Each structure stands twice: as C-alpha cells, then as structure tokens.
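Notes follow once the structure below has been shown.
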Amino acid sequence: MKFISWNIDSLNAALTSDSARALLSKEVLNTIKGYTPDVIALQETKLSGNGPTKKHFEILADLFPDYETVWNSSVEPARKGYAGTMFLYKNSLAPAVSYPIIGAPGTMDSEGRLITLEFDDFFLTQVYTPNAGDGLNRLKDRQIWDQKYAEYLENLDKEKYVVATGDYNVAHKEIDLAHPNNNRNSPGFTDEEREGFTNLLAKGFTDTFRFVHGDIADAYTWWAQRVKTSKTNNSGWRIDYWLVSNRIADKILKSEMIDSGPRQDHTPILLEINL
C-alpha cells in the first residue's frame with residue numbers, strides 16, 4: 001500500500017486562493033495526485049468546525065476522484081479555524097473511522113488533532129501534535145499530550161499492528177535538524193519533547209525513515225517560511241514521520257520525502273509498505 005502525509009497549512013488556501021504560495025500548494029497537491037496513493041493524510045487543515053465547504057468538496061472531488069474524505073476540525077472551546085486533520089482514502093477501501101479523545105490537557109482534545117482508520121489487519125492513524133508554543137508556554141501540556149498519545153498508540157498496537165503518521169512537531173535527534181546547537185530549548189527541540197518521542201518509539205514503534213536510510217544527514221521535512229533562504233540553504237528540520245509497529249518493520253518498501261519544489265514549510269512524506 002502507498003500512503004502520503006502532508007501538513008498542508010490551510011486546506012482552504014491551497015484549494016481556493018490564488019496567492020503565490022497557494023499556487024505552490026496546488027502544485028504539491030498535483031504531485032501527490034500523481035503518486036495515486038491509497039490514503040492521504042493532511043494536517044493543519046484550519047477548517048471551520050463544520051468541516052469542508054461545498055466548494056472544497058467539489059475541488060477535492062475533481063482533484064482526487066474516487067476518494068472518500070473524513071476530517072476532524074477544531075471546535076469550541078478550542079480556537080476556531082485552528083489545527084485540524086483530514087484523511088482521503090480510495091473508495092475501494094472501507095475502514096472504520098474514529099476521532100480519538102486521549103485525555104489531553106486544556107483544549108487539545110477539541111483541536112481536531114487525531115483521526116484513526118481501522119482496517120481488517122491494521123490501524124492507520126494520523127496526528128497533528130501540539131506545538132510547545134512561543135516561550136515554551138505550552139510545553140507542560142505538550143509533555144502530557146506526548147504521554148497520552150504514546151499510551152493511545154500502545155493500546156492500538158495490542159489489538160492490531162499500527163501505521164502512524166503526521167506532524168509530530170519534534171526533531172528527535174541532532175541529525176534531524178540542520179543547526180541543533182542554535183536550537184536547543186527551541187519549540188520542537190527541547191529535551192522534554194525529544195524524550196517524549198524516544199518514549200513513544202520505546203513502546204514498540206519504528207521510525208521508518210531511519211529504518212530504511214540509516215543516519216543520513218541533511219534530510220528534512222520542514223523549512224521555516226520566515227527565513228527566505230531556509231530551503232535553498234537546506235536549513236531544515238525533520239519533524240514529520242511515518243511510524244510502524246516494530247513487528248512489521250520488515251514490510252517497509254519505501255519511506256522518503258516528496259519534493260515540494262520551492263514551497264517552504266512542510267513537504268509531503270511517502271510510505272510504501274507491503275500490507
């Protein structure tokens with residue numbers, strides 16, 4: 001099976017805007033379409049609590065015919081038009097869909113951050129992990145999130161094997177970002193967040209990119225938009241992942257980044273696995 005995950009940073013902008021960045025986003029969507037994936041996972045959709053509009057559905061149906069769409073949007077008491085996730089899956093598939101509540105602190109469980117698809121033999125789940133925030137003002141809540149999410153995946157893994165993806169908002173090791181020494185205690189590279197990801201993997205999960213490629217350097221999934229040269233200089237971070245249950249790691253065929261051209265921010269990631 002072939003899966004693609006991407007933090008799209010506003011589905012509405014990618015589908016309906018004619019800004020320069022939106023046009024680049026459209027090119028990325030067309031690139032994803034060319035892979036004909038079985039499932040597409042999107043994070044940071046930023047849709048309203050009601051989900052996609054009629055216009056969104058029409059554009060998605062034109063771009064990805066023969067796909068079903070499910071979504072999880074931020075709802076009160078959380079901020080509106082914030083976070084959010086979406087799956088598109090081929091309509092030849094028939095997964096059961098759930099929107100997990102993991103007992104996260106604050107409004108995190110209301111921010112549309114998780115969707116899980118259950119198939120006969122495995123779970124496919126995606127996450128948009130909360131950012132630790134400016135000044136690390138959300139770091140303590142983030143640590144609780146990491147613990148609750150790890151427990152959630154561990155419990156899924158007791159039932160069936162797990163394929164998990166998303167924007168995890170953490171560069172796990174120094175090799176996972178271009179300038180580790182300059183970013184210690186920055187959101188996404190605190191000791192606490194890195195330890196949270198280590199704990200997640202220790203519960204029985206494999207970082208598929210490292211499993212396939214080993215310790216290759218300069219391989220990233222995100223480049224800061226605020227720094228115009230971040231992508232041309234490859235001053236990036238690897239914060240988007242495909243994880244699988246350890247016991248199916250030998251079924252991985254590919255785990256790699258998809259070239260998003262000149263568009264900064266996140267790039268899509270691909271997993272091919274023999275399921």
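Here is a yes/no grid of residues against (1) buried (at least 20 other Cβ atoms within 10 Å of the Cβ); (2) part of a helix (DSSP H, G or I):
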| residue | (1), (2) |
| --- | --- |
| A13 | no, yes |
| K33 | no, yes |
| L42 | yes, no |
| P52 | yes, no |
| I59 | no, yes |
| E68 | no, no |
(message) Looking only at the range 106-142, count every residue that is farther than 19 Å from A78 by Cβ and touching a helix residue (DSSP H, G or I) at 6+ places or on another chain (Cβ under 6 Å) and tell me the total.
(response) 1
(message) Given the criterion over 27 Å from F87 (Cα atoms), free of Cβ contacts under 8 Å to residues at least 24 places away in the same chain and either buried (at least 16 other Cβ atoms within 10 Å of the Cβ) or touching a Lys or Arg at 6+ places or on another chain (Cβ under 7 Å) (or both), identify the matching residue among S235, S230, S186.
(response) S186
(message) When the residues of the range 188-240 are narrowed to those that are small (G, A, S) and in a helix (DSSP H, G or I), which ends up farthest from the chain's Cα centre (by Cα)?
(response) A202
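How about the range 44-82: which of its residues are among the aromatic types (F, W, Y) and closer than 19 Å to P95 by Cβ?
Just the residues of the range 44-82 that are among the aromatic types (F, W, Y), to begin with: 57, 64, 67, 71, 82.
If the condition is that a residue be among the aromatic types (F, W, Y) and closer than 19 Å to P95 by Cβ, then F64, Y67, W71 are the ones that fit.
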(request) Please specify each residue of the range 141-183 satisfying the condition of being basic (K, R), touching a residue at least 24 places away in the same chain (Cβ under 8 Å) and outside any loop (DSSP other than H, G, I, E, B). (result) R142, K148
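For the range 83-99, give me each residue that is surrounded by 19 or more Cβ atoms within 10 Å (Cβ to Cβ) and assigned to a loop (DSSP other than H, G, I, E, B). Give the steps one after another, and end with the answer.
So the first thing to find is which residues in the range 83-99 are surrounded by 19 or more Cβ atoms within 10 Å (Cβ to Cβ), and the list is 83-89.
Across the range 83-99, the qualifying residues are A83, G84.
Laboratory data are not the source of any read-out in this text; all were calculated from the coordinates shown. Quick caveat, the model's predicted, so the values are computed rather than measured. Here the Cβ is made from the backbone with ideal geometry for all residues, glycine too, and neighbour counts use every protein chain on show.
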